[in-house]
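Inspection log for the structure reproduced underneath, given as structure tokens.
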Amino acid sequence: MSESISSTSAQTSTRTEQSSRGRHNRGGRAGGRPYHRRGQSERHSENSAQSSNGICKFDKIDRVKGNTDSTSFNENGCIICTEPITFYAVANCNHRTCHLCSLRLRALYKIKNCAYCKTEQTKVIFTRDPEKPFQDYGDTDLPYKDEKLNIFCEDQEIYDDMLIRLKFNCPDKKCEVICDGWQDLKKHVRREHKLWLCDLCVQHKKIFTEEHKLFTRNQLDKHYTEGDESGFTGHPRCDFCRIDFYGDDELYEHCRNSHEQCHICLQAGIRHQYYIDYNELEQHFRNDHFLCLHQECLDKKFVVFKTDIDLKAHELETHGSYISGQRAKQHEARRIEVNFISYGESLRNRRRNQESQKIEVTTMKVVDLQLKKLCGKYRTKNQTPL
Ligand SMILES: [Zn+2]
Ligand SMILES: [Zn+2]
Ligand SMILES: [Zn+2]
Ligand SMILES: [Zn+2]
Ligand SMILES: [Zn+2]
Ligand SMILES: [Zn+2]
Ligand SMILES: [Zn+2]
């Protein structure tokens, strides 16, 4: 019995499978900090995928059913994917999209609102009619129904098309195999085509099964690390844990839950800088901020300040005394650094001033010269020879 992707799209590939692919040579830094980012990952913009993937072209269904007459396209195209429409989807608000975008939203995204006006669509009709209002369809007009998605179809061809889209079709264009689930499909493409599916894309990308890409081992490695020509720049990795994530959001969520972030740096606008654990973060506090070194505060964790003054105020108030040693050294180091910067800057400023003075002098000289010439001319012109 085949399962349908609408109910199993959240199925995931196991992490063991990911790590068993031996991607040890991908250039990540073990325990590096902050975490390593290979570049911006595609947010897997479904809209762009829709228009570029040929989603609304019916190559698969035509192939499966030997059907070639389903190409009476509407000129205006679908408001979501912009592709020409063969079968329309319409609901109570009477906005029409192509049936595939409607099916994708309902089955894969679990969204039941109109993409255009956001009205809730409890029931959707798939039809060939570009204009007939939703309210004019009677029960006898819609003999085919998918109970779970509450989609009503005008005829069997539309209904079959919908069912086929929700099955585990092999993404190879020349292959007509329909599998029983993701694991089955993965085995099939490996065995029959010597190709792989990307586990992360399978898990997260909301597209129909046949729209997924198949990769050779090398292509798959490249897909993870570099991405592809579509603008996708690879799946980001947490270098602390050596785990890959679908996109930045998933990576950041992992980092927030599993690693540490400095709240002082965060307030200063430094985002997405993580430390593997609290020990690393504490080291950062010691190096770059003002950490209270009293044991009770070290045990409490996160007792750290932006300025020396704040720390002193805390020490007086909470502990009644300062700890000078390490912190004084820390402060001294900062002072030298600051002084160096101001020295460097003053040097640059001085040079700049000298340069502008030079320009002024040159300009003055030119003006002077011109004046002299003018005066000379004036003199020669007006001087009455004696
Ligand atoms: Zn569409
Ligand atoms: Zn609407
Ligand atoms: Zn196949
Ligand atoms: Zn992928
Ligand atoms: Zn991690
Ligand atoms: Zn910090
Ligand atoms: Zn303290």
Q | Yes/no for Cys117 being of a type outside the set (A, V, I, L, M), surrounded by 24 or more Cβ atoms within 10 Å (Cβ to Cβ) and assigned to a loop (DSSP other than H, G, I, E, B) | A | no
Q) Which residue pairs have Cβ atoms closer than 9 Å, lie 6 or more positions apart in sequence or on different chains, and pair a first residue in segment 275-303 that is touching a residue at least 60 places away in the same chain (Cβ under 8 Å) with a second residue that is within 14 Å of ligand 6 (Cβ to nearest atom) and among the basic types (Lys, Arg)? A) Tyr275/Arg33; Ile276/Arg33; Glu280/Arg33
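At negative phi, loosely packed, with under 14 Cβ neighbours inside 10 Å and either β-branched (Val, Ile, Thr) or within 16 Å of ligand 6 (Cβ to nearest atom) (or both): which single residue out of Gln283, Gln295 fits that description?
Matching residue, one of Gln283, Gln295: Gln283.
Residue-by-condition table, conditions (1) within 19 Å of the chain's Cα centre (by Cα); (2) within 16 Å of ligand 2 (Cβ to nearest atom); (3) farther than 27 Å from Lys300 by Cβ; (4) surrounded by fewer than 19 Cβ atoms within 10 Å (Cβ to Cβ):
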{"residue": "Arg217", "(1), (2), (3), (4)": "no, no, yes, yes"}
{"residue": "Lys222", "(1), (2), (3), (4)": "yes, no, yes, yes"}
{"residue": "Glu229", "(1), (2), (3), (4)": "yes, no, yes, yes"}
{"residue": "Ile276", "(1), (2), (3), (4)": "no, no, no, no"}
**Q.** Of all residues in segment 152-170 being of a type in the set (A, V, I, L, M, F, W, C) and not in a loop (DSSP other than H, G, I, E, B), the one that is surrounded by the fewest Cβ atoms within 10 Å (Cβ to Cβ)
**A.** Leu163
**Q.** Condition check for Asp244: surrounded by fewer than 19 Cβ atoms within 10 Å (Cβ to Cβ), away from ligand 1 (no atom under 16 Å from the Cβ) and among the charged types (D, E, K, R)
**A.** no
**Q.** Tabulated pairs, segment 195-208, first within 16 Å of ligand 1 (Cβ to nearest atom), second among the aliphatic types (A, V, I, L, M), C-beta under 6 angstrom, 6+ apart or interchain
**A.** Lys206/Leu108
Q: Report, ordered by the first and then the second residue, all pairs with beta carbons closer than 6 Å, sequence separation of six or more or different chains, a first member in segment 79-90 that is under 13 Å from Ala115 (Cβ atoms) and in the same structural domain as Phe134 (by TED's automatic domain parsing), and a second member that is polar (S, T, N, Q) and away from ligand 3 (no atom under 16 Å from the Cβ).
A: Ile79/Thr97; Ile80/Thr97; Cys81/Gln50; Cys81/Ser51; Thr82/Ser51; Ala89/Thr97; Ala89/Ser102
Q | Looking only at segment 81-94, and only at residues there that are assigned to a loop (DSSP other than H, G, I, E, B) and under 30 Å from the mean Cα position of the chain (by Cα), the one that is nearest to ligand 5 (Cβ to nearest atom) | A | Cys81
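The values are calculated or read from the model by the stated rules, or taken from the named source; none is laboratory data. Model, not experiment: these values are computed from the prediction. For neighbour counting, all protein chains shown are included, and Cβ atoms are generated from backbone atoms with ideal geometry for every residue, glycine included.
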